[in-house]
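To start, the structure itself, in structure tokens.
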Amino acid sequence: MRFHEAIHGVYFDDLDAFQVLHNARYLLMFERTLGSFWQQFGYFDVEVLPAVTAFDTEDGKAHVAFRVKENARYKVGGVHLETPHPEEKATLEALVAFHEGDSDIDLERFRKTRIDMADLLRRRAYGHANVYSRFYVDKEAKLVHIYLFVDAGPKTTIASVSVDGNVKIPAADVIRRSGLIVGEPYREDLRDS
């Protein structure tokens, strides 16, 4: 099961006299959400036809049906890894599970790649690393170009180590046991060890 959420703007003319979203607008918002769901999977020309509503006179229930025409699925036009540190480039490229020509597009899964990249860099002493993703859609060529912008920043080092609140164990022993050494690289995984 997959959760999909879309945020839509609501304007003054979408509201009824009580400033509540007008009933007729719910179906329109749902149509737009269906469209954005399919676009996440590379169907950028998806057509969601207006809802067809039928009323059952016996039980008084309404039945609403939406027709979705996916049209052609786009392909990955290119994957661009921008500004990685040269020594980390190959490792970051290995985390990319999608390649030029792939048609199995899943933008949510693609976005999560950037989180994995930033986590890896933080474990390798780039304490302030971030990776940003952008998707550029070429509707004429039916391609999605994926850009991953790496902002690793400088390597983070341990500037100082201090111990507060120790009573029975000398501070020097606590520092020695911690394994933290001033001037050494600080890695995210030091907190877990």
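Below are the figures for this structure:
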quantity	calculated
Contact order normalised by residue count of segment 11-91, Cα under 8 Å, 6+ apart, percent	22 percent
Within segment 1-95, trypsin sites (Lys or Arg not before Pro) in DSSP loop having at most 12 other beta-carbon neighbours inside 10 Å	2, 61, 67
Stretch in the chain that is longest and holds no GluC sites (Glu not before Pro) that DSSP places in a loop and that have at most 11 other beta carbons within 10 Å	141-193
Segment 1-150, relative contact order [Cα under 8 Å, separation at least 6], %	20 percent
Net lengthening on full extension, residue 155/residue 91 (0.36 nm per residue, minus Cα-Cα)	21.4 nm
Residue 56-residue 135 pseudo-label distance in nm [points 7 Å out on the Cα-to-Cβ vector]	3.7 nm
Calculated from backbone phi, Karplus (6.51, -1.76, 1.60) coupling profile of segment 56-62 in Hz, x at Gly/Pro	8, 6, 6, 9, x, 8, 9
Sulfur and carbon atoms: percent of accessible area, the chain [1.4 Å]	53 percent
Nonlocal amide H pairs with residue 15, under 5 Å, H built at 1.01 Å	22
Angle in degrees between helix 107-123 and the longest Cα principal axis of the chain, rounded to the nearest 10	10 degrees
Residue list for segment 115-151, given a label point 7 angstrom along the Cα-to-Cβ vector of residue 83 and an amide N cut-off under 13 Å	129-133, 148-151
Per-residue SASA entry for residue 174, accessible area with 1.4 Å probe, Å² rounded to 10	50 Å²
Share antiparallel - DSSP beta bridges, segment 49-192, percent rounded to 5	65 percent
For the chain: accessible area per residue (Å², 1.4 Å)	69 Å²
Net lengthening on full extension, residue 182/residue 8 (0.36 nm per residue, minus Cα-Cα)	57.6 nm
Extension gain, residue 22 back to residue 70 (0.36 nm per residue minus Cα-Cα distance, nm)	14.5 nm
Helix 23-39 vs. the chain, principal-axis angle (Cα, 0 to 90°, nearest 10)	50 degrees
Inter-centroid distance (Cα atoms) of segment 48-70 relative to segment 127-157, Å	41 Å
Hz values of 3J(HN,Hα) by residue in segment 76-83 - Karplus curve (6.51, -1.76, 1.60), Gly and Pro given as x	6, x, x, 10, 10, 9, 9, 6
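The values are calculated or read from the model by the stated rules, or taken from the named source; none is laboratory data. Just so we're clear, the structure is a prediction, and the values are computed from it rather than from any experiment. Please note: Cβ atoms are built from the backbone with ideal geometry, for glycine as well, and neighbour counts cover all protein chains shown. Surface accessibility is based on the protein's heavy atoms, side chains included, excluding ligands, DNA and RNA. Shrake-Rupley method; radii C 1.70, N 1.55, O 1.52, S 1.80 Å.
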